[in-house]
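The values are calculated or read from the model by the stated rules, or taken from the named source; none is laboratory data. The structure presented is a predicted model; accordingly, all values stated were derived computationally and were not measured. Cβ placement follows ideal geometry from the backbone for every residue including glycine, while neighbour counts extend to all protein chains displayed.
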Amino acid sequence: MANTSYQQLEMDFHVEIQKDINGIEMGVLDNGIPYLTQTGLAALTGVNRSVIYDISTEWENTFNEDVFGGKDRNSLLRELLTKKGYREPKLYLEIITSRQKHYAYPDIVCMAILEYYAFDSKSKTDIAVTNFRELARYGLQTYIYQALNYRPFDKWKYLNDRTSILQNNVPTGYFIIFQEITGMIVDLINADVTVNHKTIPDISVGILWAKFWKENNLSSQHGEFIPCAHNYPNYYPQAASNPQSVNAYPENALPEFRRWFRETYLPTKFPTYILKKANDLSGGRSEALRIGSMYQAKQISSNN
């Protein structure tokens, strides 16, 4: 059955755009993931919508079972998707548009099901063959983006704009969390995590560091932190309450912070944080687990 924590995360998805193009319902989530609805996927493959529903149910009901090596539909689809790195407990994401629930099937899932009905199914359809050959040339993602006239957002814009606003804004002799964790944010962006107004890792780090600071009475060693005016870019919802106040810590505490960040936050706290952001990853929960373990591996390596 589906993983409970994954189910709880699903409703964080929001639709950027969704339309019916030539009888195929398609859209793009706000994190850039292109998708087809259950109706759209059925139209693309030339089968009834109930068939797509049955495929989805079979996948969930057998997710924890070893079905590899079989020649049935579920086994063949599991093999196709596993090769593509898809290991999620559901084939779709639940989204709400116009107060109605829809099932959004990511492009990687759609292409696997399309390939199955084009080549492997005993009841393969001419529509599936035609559409697979057409989409194999440039991919479903490109097709959906072009059909919806969707332009992917510059993934570096949010970080660059925040960095520009905060430049020279920190009092001399102090540091703020955002400045010190830009390396981690770059890692997230390079891993295709959507870093935007919903993904602000310095808040997570700041809360935990403030707790560590207080519990260890670091003010007695390094001096008191002071408030620092913090502004978000005007297109952030958070900008409505600009300027906000963040803690600026004495620079002589930097070695302490960097050691805590490297040895405590990244290997033990970051995996929990990134798991909460699984919806920002095309690979979902499994990709979040991989990214979360990245710093754990670095920590083990550095200790050897």
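Worth pointing out:
- With respect to the conditions (1) surrounded by 15 or more Cβ atoms within 10 Å (Cβ to Cβ); (2) of a type in the set (Asp, Glu); (3) in a helix (DSSP H, G or I), Glu134 falls short on a single one, namely (1).
- Apart from one condition, Ile203 fits all of (1) more than 30 Å from Gly23 (Cβ to Cβ); (2) touching a helix residue (DSSP H, G or I) at 6+ places or on another chain (Cβ under 8 Å); the exception is (2).
- Any hit, region 33-43, residues being farther than 17 Å from Tyr92 by Cα and either charged (D, E, K, R) or touching a residue at least 12 places away in the same chain (Cβ under 8 Å) (or both): no
- Matching residues in region 189-243 - criterion: being polar (S, T, N, Q), touching a residue at least 12 places away in the same chain (Cβ under 8 Å) and not in a loop (DSSP other than H, G, I, E, B): Ser204, Gln221, Gln238
- Which numbered condition Gly292 misses (of (1) over 24 Å from Gln167 (Cβ atoms); (2) modelled with pLDDT of 90 or more; (3) within 23 Å of the chain's Cα centre (by Cα)): (2)
- Filter pass, Ile176 being farther than 30 Å from Val47 by Cβ, in contact with a strand residue (DSSP E or B) (Cβ under 7 Å, 6 or more places away or on another chain), buried (at least 18 other Cβ atoms within 10 Å of the Cβ) and touching a residue at least 60 places away in the same chain (Cβ under 8 Å): yes
- Some residue of region 121-140 being in contact (Cβ under 8 Å) with a residue 12 or more places away in the chain and within 23 Å of the chain's Cα centre (by Cα): yes
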